[in-house]
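Reviewing the structure listed below.
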Amino acid sequence: DTAVSQTPKYLVTQMGNDKSIKCEQNLGHDTMYWYKQDSKKFLKIMFSYNNKELIINETVPNRFSPKSPDKAHLNLHINSLELGDSAVYFCASSPLEETQYFGPGTRLLVL
Amino acid sequence: QQQVKQSPQSLIVQKGGIPIINCAYENTAFDYFPWYQQFPGKGPALLIAIRPDVSEKKEGRFTISFNKSAKQFSLHIMDSQPGDSATYFCAARGSVQTSYDKVIFGPGTSLSVIP
C-alpha cells in the first residue's frame with residue numbers, strides 16, 4: 001500500500017500549457033504539502049493545507065494553484081507553464097507537528 | 001532567520017568510514033530537527049530526528065549530536081556502506097504555536113560511499 005502517491009510520475013509539456021499533478025495520502029494525516037526540488041536538489045515548500053484549509057502559501061507565482069477536495073487529496077494546478085517551472089514536485093503529508101512523509105515525486109520538464 | 005545551513009555540499013568516504021554532516025540554524029523558535037535521506041529518483045524519507053532537550057540520539061548506525069547553545073547539530077554515520085550513498089538533508093521546524101510551523105530544509109549533502 002502506497003502511503004503518499006502522486007500522478008503522473010513524469011510530465012513533459014510545452015511552454016504556455018496548463019497541467020495538473022494529483023496527490024493522495026492514505027495515512028489519515030491532517031496536513032498535506034507541496035514542495036519544489038530544483039536541479040541543485042534544494043527543497044522549498046510551496047503550500048501547506050490542514051484539513052482542506054490553506055495554512056502556508058509561500059512566495060509562489062499565482063500561476064500555481066493548489067486544491068484540496070478532501071483531507072486525503074491535494075492537487076496542484078499550474079497555468080501558463082514556463083521553462084523555470086521545470087523541477088521535481090513532491091507532495092507530502094504529516095500528522096500535526098510531526099514528520100513528513102513524501103511521495104515519489106513528479107518530474108516536470110517544460111520545453 | 002529561517003535558514004538552515006548545511007555542510008559539506010558533497011562528501012566521499014570509503015566503506016567503513018564515518019561521514020559527518022553539519023548543520024546550523026539561527027531561529028530559536030525551531031524545536032524539531034529531522035534528517036532526511038533521499039535516493040536518486042525517490043522522495044526524501046525520514047532517517048532520524050531530535051528535539052533540543054537531548055544532546056544525542058542514536059538509531060542503528062545513525063547518530064545525531066545536538067548543541068543547543070551553539071545552534072548546531074550533526075549527523076554521524078557509523079561503519080558507512082555503499083548503500084548509504086544518497087543525499088542527506090537536515091531540517092528544522094517550529095511548533096504550531098509559532099509562525100515557523102513548517103519544515104525548513106538545508107541545501108543537502110551528497111554522500112558517496114566507495115567500496
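The values are calculated or read from the model by the stated rules, or taken from the named source; none is laboratory data. Note that the coordinates shown come from a computational prediction; the quantities given were computed from them, not determined experimentally. Cβ placement follows ideal geometry from the backbone for every residue including glycine, while neighbour counts extend to all protein chains displayed.
Points worth noting:
Table: residues versus (1) within 23 Å of A:S94 (Cα to Cα); (2) charged (D, E, K, R).
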site	(1), (2)
B:K15	no, yes
B:F30	yes, no
B:G43	yes, no
B:S65	no, no
B:D79	no, yes
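- Flag set for B:F89, criterion: within 20 Å of A:F102 (Cα to Cα) and touching a residue at least 40 places away in the same chain (Cβ under 8 Å).
- Considering the range B:82-105, the residues that are modelled with pLDDT of 85 or more and more than 9 Å from chain A (Cβ to nearest Cβ) include one that is farthest from B:R61 (Cα to Cα), namely B:A92.
- If the condition is being surrounded by fewer than 18 Cβ atoms within 10 Å (Cβ to Cβ) and facing chain B (nearest Cβ under 8 Å), then the range A:42-54 contributes A:F42, A:K44.
- Residues that are facing chain B (nearest Cβ under 9 Å), touching a residue at least 24 places away in the same chain (Cβ under 8 Å) and under 13 Å from A:Y33 (Cβ atoms) do not occur anywhere in the range A:71-85.
- Qualifying residue in the range B:50-57 (condition: aliphatic (A, V, I, L, M) and within 11 Å of chain A (Cβ to nearest Cβ)): no
- Flag for A:T99 being surrounded by 14 or more Cβ atoms within 10 Å (Cβ to Cβ), in contact (Cβ under 8 Å) with a residue 60 or more places away in the chain and not small (G, A, S): no
Per-residue answers, yes or no, for (1) modelled with pLDDT of 95 or more; (2) in a strand (DSSP E or B); (3) in contact with a Leu (Cβ under 8 Å, 6 or more places away or on another chain):
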| site | (1), (2), (3) |
| --- | --- |
| B:Q2 | no, no, no |
| B:A24 | yes, yes, no |
| B:N27 | no, no, no |
| B:Y32 | no, yes, no |
| B:Y36 | yes, yes, yes |
| B:P40 | no, no, no |
| B:A49 | no, yes, no |
| B:I64 | yes, yes, yes |
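- Lone unmet requirement of (1) at pLDDT 95 or above; (2) out of contact with any Cys (no Cβ under 6 Å at 6 or more places or on another chain); (3) within 14 Å of another protein chain (Cβ to nearest Cβ) for B:I77: (3)
- Any hit, the range B:10-20, residues being within 11 Å of chain A (Cβ to nearest Cβ), surrounded by 15 or more Cβ atoms within 10 Å (Cβ to Cβ), closer than 27 Å to A:R107 by Cβ and out of contact with any helix residue (DSSP H, G or I) (no Cβ under 9 Å at 6 or more places or on another chain): no
- A:F64 falls short on exactly one of the conditions (1) of a type in the set (A, V, I, L, M, F, W, C); (2) under 18 Å from A:C23 (Cβ atoms); (3) more than 13 Å from every other protein chain (Cβ to nearest Cβ); (4) over 13 Å from the mean Cα position of the chain (by Cα), and that condition is (4).
- Residues within the range B:69-86 that are under 15 Å from the mean Cα position of the chain (by Cα) and not in a strand (DSSP E or B), tallied: 4
- Within the range A:1-30, restricting attention to residues that are at pLDDT below 90 and within 12 Å of another protein chain (Cβ to nearest Cβ), the residue that is farthest from B:V4 (Cα to Cα) is A:T2.
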